[in-house]
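Please treat every number below as a calculation from the coordinates, not as lab data. Here the structure is a predicted model, which means the values were calculated and not measured. No Cβ is skipped: glycine too gets one built from the backbone with ideal geometry, and neighbour counts run over all protein chains shown.
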Amino acid sequence: MLDVDTFLTTLYVIADDFCQSHRSEQRRPGPESSLSESEVITLAVFARWSRFASERDFYRYAEGHLRGAFPTLPDLSQFNRLMRLYADTIEEIALHMAQIMEDSGRPYQALDASAMPVRDVKRCGHSWLAGYADIGWFNSLGWHEGFSLLTAVEPSGVITSFCFGAASTADQPLAEAFFDARSNPNPRLKSVGSAFSRAYVADKGFEGVENHRRWLESYGADVIHPPKRNSRKPWPKRLRRWVASIRQIVESVYDKLFNTFGLWRERPHELTGLRARLAARAALHNFSIWLNGQLGRPRLAFADLLGW
């Protein structure tokens, strides 16, 4: 169990090393901000613990306990603007943590989609994100308004890539855009990471012989998923159990994002803010796995990592 000061110091050192090595020469207009880029990223990532019920709750904690480490802490509205400003860098930090722990010998990554609701589906009127979020169906949740979150995960639980589309988007077109973005890097889509030349293990939502052929030929993405129950070529029991074990890892990762790091409570007013906070959760997840590894603890043991 770590104290908060040690956790923040370690996180800050990693963030600052990354920012120093990727520093842009472009000068941003306007006066200098009260916090450095590294400080903003450190606070943005730390704020994602579900101990904090809201942004205001986190900021009350920061003003009461973190002034010594961050003496130039601005008001909440300015901090949120800075967090949105550095959304791209927070995405890069999340994937940087994955690269630190990357196991090149792993023959596959798990690929899975999950509902990411941002508003009660029964509410009337338009949402803050009208035109981006919409209504979709997810088996474990039913109808929801928000997005569909797609994540690629190492067998160890490390998040190597993440992106999202409208809730009504089916898994196949979402995967198509994901593979295309990985194969043809776009500076505006940093969270998808780089191309992966080995297999992706997925569920039946990514089915389709034609889809699989096109993904393999166009993007080098070999997608494996179990057949339907009435398939004429059923898998042997051992293979089905192996895929089920991979699914369990993915479900554990989503549990961390949505519950341990509070993604279920996300009610964004602006798309860039959602991107920044989602990336901060992925960064916190990967950083916590790395930190547990340094401490000789189980990688996904997050509940007692910090001694509040």
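Put in order of Cβ neighbour count within 10 Å, fewest first, the listed residues V253, V223 become V223, V253. For region 83-88, putting each phi into the Karplus relation 6.51 cos²θ - 1.76 cosθ + 1.60 with θ = phi - 60° gives couplings of 5, 5, 4, 9, 4, 4 Hz, in residue order, rounded to whole numbers and with x for Gly and Pro. When the helices of the chain are scored as -39500 (n - 2.57) per DSSP H run of n ≥ 4 and the total is divided over every residue, the value at 222 nm lands at -14000 deg cm²/dmol. Once C-alpha pairs closer than 8 Å and six or more residues apart are averaged by separation and normalised to the residue number of the chain, the relative contact order reads 24 percent. Residues V121, V209, ranked from the fewest to the most other C-beta atoms within 10 Å, line up as V209, V121.
Among bridges DSSP assigns within region 104-268, what percent are antiparallel (round to 5)? Could the numbers behind the result be given before it?
On the way: 21 of 28 bridges.
Approximately 75 percent, going by the DSSP bridge assignments.
Dipole orientation for the chain: of the candidates G136, I159, M83, G136 has the Cα lying most toward the positive pole (charges on Cβ; Lys, Arg +1; Asp, Glu -1). Computed from the alpha carbon positions, the gyration tensor of region 104-268 leads to an equivalent ellipsoid with semi-axes of 27, 19, 16 Å, biggest first. Across region 57-73, rounded Karplus estimates of 3J(HN,Hα) from the backbone phi angles (6.51 cos²θ - 1.76 cosθ + 1.60, θ = phi - 60°) give 4, 4, 5, 4, 5, 4, 5, x, 10, 10, 4, x, 7, 10, x, 9, 4 Hz, Gly and Pro being marked x. Computed over the Cα atoms of region 184-308, the ratio of the radius of gyration to the Kirkwood radius (Rg/Rh) comes to 1.03. Each of the trypsin sites (Lys or Arg not before Pro) that DSSP puts in a loop and that has at most 14 other Cβ atoms within 10 Å breaks the chain; the longest unbroken stretch is 233-308. The alpha-carbon positions of region 69-128 define a convex hull whose volume is 169 Å³ per residue.
Remark on C163: its backbone amide H falls under 5 Å from those of L150, a criterion applied only to residues 5 or more positions apart or on other chains, H modelled at 1.01 Å from N.
Take every DSSP beta bridge whose two residues both sit in the chain; close to 70 percent of them are antiparallel.
Lysine pair count for the chain (Cα-Cα distance under 28 Å; residues 8 or more apart in sequence or on different chains): 8. Taking the Cα centre of region 65-160 as reference, the dipole from Cβ charges on Lys and Arg (+1) and Asp and Glu (-1) amounts to some 420 debye.
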